[in-house]
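Undergrad: The following block contains the structure, expressed as structure tokens.
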Amino acid sequence: MSQVMQAIAAQRSAIDAALVRLCDETTGAFTPRVAEAVRYSLLGEGKRLRGFLVIHGYQACGGGGDVTALAAAVEVVHAYSLVHDDLPCMDDDDMRRGRPTVHRAFDVPVATATGLAMVPLAAWAGYRAGRLLGLTPHEAGAIVRELMKAAGGGGMIGGQLLDLEAEGRTMGLEELERIHRGKTGALIEVSVRMGAMAARADAERVAALGRYGAAIGLAFQIADDVLDVTATTDQLGKTAGRDIALNKSTYPALLGIEGAKSRASALVDDALASLRGAGIASPALEALARYAIERRS
């Protein structure tokens, strides 16, 4: 692992600590089983890529405060999406992050309620984090609005719905990318943009980081599709081969494994070109872009 990635990995404990504090401060308002399931979902092992992107989008734009609470808010949205994505009415999966999915560890009603509870929790956490950074109510609210838009019908949820509707039929590359720009890419894109907004970056930098995020979001999904057919369940921490089992169109199916890898690599090049075009020098963002396609799980 490069020195840059080692430094980034060291930030995991700060994000995890922020998530523990958030659970300690808020889950008392939930029923006991939902509170337990929220903690189970949020405090399990995860890549924390979206949280890292918040931090390094912020730092790349000159932010000097502690932005880990805002990074934690994005991770809440991501965790909620996994809880619902694994439900029997969705992808019906048994393993996530190396252990039973929430509906297997608890039950389907608890998992459903848990995901729903985490959406307002993320909005509240994001707003509070912005205010703690010294942002105005309008600025903090704008960041939360962008997060909720990315998670909603025009982004993550909309992409998930399109993905479900597409099961059992073959799609072309353009339609497949449309689905995954929403399902996976929207939250990755907004993470780095939120960091820039928290640092009060100008519109040009926010837009450039958005283009960077959109490109690596799609590259990340392509890498996921490749790993689904090349890695084991133990390596992934979730069930391998699910795309084939669900009869989904994937990048390896359309492009072949090497073609899919080439497409992902080209997207990373596009992402880094967006940074250079805006004069953003960030070894951390460059390393995270490459990690998105070079990871093994």
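The values are calculated or read from the model by the stated rules, or taken from the named source; none is laboratory data. Because the structure is predicted, anything quoted here is derived from the model rather than measured. Counting neighbours? That spans all protein chains shown, and the Cβs are built from the backbone with ideal geometry, glycine included. Note: areas computed on protein heavy atoms with side chains; ligands, DNA, RNA excluded. Shrake-Rupley method; radii C 1.70, N 1.55, O 1.52, S 1.80 Å.
Undergrad: Just to be sure I understand: with springs between alpha-carbon atoms less than 10 Å apart, which residue in Met148, Met90, Met118 has the highest mean-square fluctuation in the Gaussian network model of the chain?
TA: Met90
Undergrad: Toward the positive end of the charge dipole of the chain, about the Cα centre and with charges on Cβ (Lys, Arg +1; Asp, Glu -1), which of Ala203, Leu133, Gly57 goes farthest?
TA: Comparing the listed Cα positions along the dipole, Leu133 ranks first.
Undergrad: Kindly report the accessible area of the chain per residue (heavy atoms of protein chains, probe 1.4 Å, no ligands, DNA or RNA), in Å².
TA: It amounts to 42 Å² per residue over the chain.
Undergrad: Could I have the simple spin-label model distance between Arg21 and Glu175, label points 7 Å from Cα toward Cβ, reported in nm to one decimal?
TA: With each label placed 7 Å out from Cα toward Cβ, I get 4.7 nm.
Undergrad: Right, another one. Just how large is the dipole of the stretch 80-230 about the Cα centre, in debye to the nearest 20, putting +1 at every Lys and Arg Cβ and -1 at every Asp and Glu Cβ?
TA: Rounded to the nearest 20 debye, it is 840 debye.
Undergrad: Taking the Cα centroid of the stretch 77-148 and of the stretch 211-261, what is the distance between the two, rounded to the nearest whole Å?
TA: A separation of 23 Å, based on Cα centres.
Undergrad: Considering just Cα atoms, how many Å³ per residue does the convex hull of the stretch 155-224 enclose?
TA: In the stretch 155-224, the Cα hull volume divided by residue count equals 78 Å³.
Undergrad: Turning to a different aspect of this structure: Arrange the peptides 262-272, 157-167 so that the one whose residues have, on average, the most other Cβ atoms within 10 Å appears first.
TA: Taking the mean over residues of other Cβ atoms within 10 Å, the ranking is 262-272, 157-167.
Undergrad: Taking N as the number of residues in the chain, what is its Cα Rg relative to 2.2 N^0.38 Å?
TA: Values: Rg = 18.1 Å, N = 297, 2.2 N^0.38 = 19.1 Å.
For the chain, the normalised Cα radius of gyration is 0.94.
Undergrad: At 1.4 Å probe size, with the rest of the protein present, what percent of the exposed accessible area of the stretch 59-116 is carbon and sulfur atoms?
TA: 54
Undergrad: Which peptide among 48-54, 278-284, 120-126, 190-196 comes first, and what is the full order, when sorted by highest mean count of other Cβ atoms within 10 Å?
TA: 190-196, 48-54, 120-126, 278-284
Undergrad: Next question. Excluding same-chain residues fewer than 8 positions from Lys149, which lysines have a Cα within less than 16 Å of its Cα?
TA: Lys183
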